[in-house]
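Data first, discussion second: the structure below is written as C-alpha cells.
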Amino acid sequence: MSKLINTGQRFIEKLMAALIICRKLCKDRKMRGLIVFGEIAVVTTSGKAYYRLVDGLTRRAVSFVSLTPEDAIPISVKIVITTNEEKKKVRFSKVLVYYEDDDPTDVIEKALQMLSNKSTYDQVIVGVDPGKAFGIAVMGDGNILRSMNVFDAEEAAQRILQALNAINANRKKVKIGNGAKEYQLELVRQLNRCLPLDIILELVNEKGTTRTGEALSKYRHTTRDIMSAVRISMRKGSEISRGKSHE
C-alpha cells in the first residue's frame, strides 16, 4: 500500500511540475491564447484537487484550462472549478467548489449540465452491462453524461444512486442487461435496497450489444462494457417489479 501511495505522490509531483513549466512557457498572452482552450477552467494550486479533477475530466474527454487563482481567466471559459479554500481568490461569475476528498464526478457533472444550459433533463437512463466488470453508462436525453466500470454489485448500485441523485430529471430509469444472470440478479437486489421506488428498473435483452473487434486497445474490455451499457440504455426492456429480484 505504501508503495502505491508513494507512486501516486510522485505522479502528482510530476504533474504539477509539468503544469508549472507549461505556465512559464505560456506567459506571453498570444502564446497562451493558442495553447489554452476549453469552457471549463480548473483553478487551483492543490496537487490533490488538480489531479482528481483533471483525471475526471480527461476520462470524459472534456477539454479544460489549467490555471492558478492569480491567473487571468480566458474569454473561452464559462465555468470555473476551484477549491473551497481558493474560491475567494477567484473573480468569476460562475464558480463551482470542489472539496478534494470528494469524488469529482458530481462537480464535473454539474459543470457540464450548466454548459448545456439544462437545469433539468426530460429523462435520464442508466444502462448497465452486468458481469465481472459492471459497465455503466448514464444517459441524459440520449447523450452520455458519465460512464464507469466497477467490479462489485453493491458498489455499482451505490454509484448508480449517486449519479441519479446528482442529476435533475423528470423521469429516471435503470436498464440492466440480462446476459450474466448471477451478476444481474445481485445487482437488482442491491438496487431494490437503495433506489427510491419511483425509479423504474427494466431488464433488457442484451444480445448483440457487445460487438467483436471493438475498441482494440489495452482497455478494450473496459470500453466494450461501457459501449454495451450505452446500447442497453437505448433498448426497450421489460419492467421489473420493485422488491423482486426477477429470477
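The values are calculated or read from the model by the stated rules, or taken from the named source; none is laboratory data. Model, not experiment: these values are computed from the prediction. Cβ sites come from the backbone with ideal geometry, for glycine too, and all protein chains shown count toward neighbours.
Quick one: is L191 modelled with pLDDT of 90 or more, surrounded by 15 or more Cβ atoms within 10 Å (Cβ to Cβ), assigned to a strand (DSSP E or B) and outside the structural domain of D106 (by TED's automatic domain parsing)? Walk me through it before giving the result.
Values: modelled with pLDDT of 90 or more: yes; surrounded by 15 or more Cβ atoms within 10 Å (Cβ to Cβ): yes; assigned to a strand (DSSP E or B): no; outside the structural domain of D106 (by TED's automatic domain parsing): yes.
No: the conditions fail for L191.
Would you check if D106 is surrounded by 14 or more Cβ atoms within 10 Å (Cβ to Cβ), acidic (D, E) and touching a helix residue (DSSP H, G or I) at 6+ places or on another chain (Cβ under 9 Å)? Give the derivation first.
On the way: surrounded by 14 or more Cβ atoms within 10 Å (Cβ to Cβ): yes; acidic (D, E): yes; touching a helix residue (DSSP H, G or I) at 6+ places or on another chain (Cβ under 9 Å): yes.
Yes; evaluated as a whole, the condition is true for this residue.
Rundown of residues vs (1) within 19 Å of L195 (Cβ to Cβ); (2) of a type in the set (S, T, N, Q); (3) over 13 Å from the mean Cα position of the chain (by Cα), yes/no style:
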| position | (1), (2), (3) |
| --- | --- |
| D101 | no, no, yes |
| I108 | no, no, no |
| S119 | no, yes, yes |
| V126 | yes, no, no |
| A133 | no, no, yes |
| V138 | yes, no, no |
| M148 | yes, no, no |
| I160 | yes, no, no |
| V174 | yes, no, yes |
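If I go through the range 67-76 residue by residue, how many of them are touching a strand residue (DSSP E or B) at 6+ places or on another chain (Cβ under 9 Å) and surrounded by fewer than 20 Cβ atoms within 10 Å (Cβ to Cβ)? Write out each step before concluding.
Residues of the range 67-76 that are touching a strand residue (DSSP E or B) at 6+ places or on another chain (Cβ under 9 Å), as a first pass: 67-69, 71, 73-74, 76.
Then keep just the ones that are surrounded by fewer than 20 Cβ atoms within 10 Å (Cβ to Cβ); that gives 68-69, 71, 73-74, 76.
Residues in the range 67-76 being touching a strand residue (DSSP E or B) at 6+ places or on another chain (Cβ under 9 Å) and surrounded by fewer than 20 Cβ atoms within 10 Å (Cβ to Cβ): 6 in total.
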Which residues, counting only those in the range 133-172, are touching a helix residue (DSSP H, G or I) at 6+ places or on another chain (Cβ under 6 Å) and part of a loop (DSSP other than H, G, I, E, B)?
-> A133
If we only count helices (runs of 4 or more DSSP H) wholly inside the range 1-101, which ones have 3 or more residues that are modelled with pLDDT of 90 or more?
-> 47-59
Expected output for the range 70-96 (first residue within 13 Å of A49 (Cα to Cα) and in the same structural domain as T44 (by TED's automatic domain parsing), partner β-branched (V, I, T) and in a loop (DSSP other than H, G, I, E, B), Cβ below 7 Å, 6+ apart or cross-chain) is T82/T44; T82/V90; T83/T44; E86/T44
Close pairs (6 angstrom Cβ cut-off, 6 or more residues apart or separate chains): under 15 Å from G179 (Cβ atoms) in the range 216-244, part of a loop (DSSP other than H, G, I, E, B) and at pLDDT 65 or above anywhere | D225/A133; I232/E206
For residues in the range 173-184 being surrounded by fewer than 20 Cβ atoms within 10 Å (Cβ to Cβ) and either among the acidic types (D, E) or touching a helix residue (DSSP H, G or I) at 6+ places or on another chain (Cβ under 9 Å) (or both), which is modelled with the highest pLDDT?
-> K173
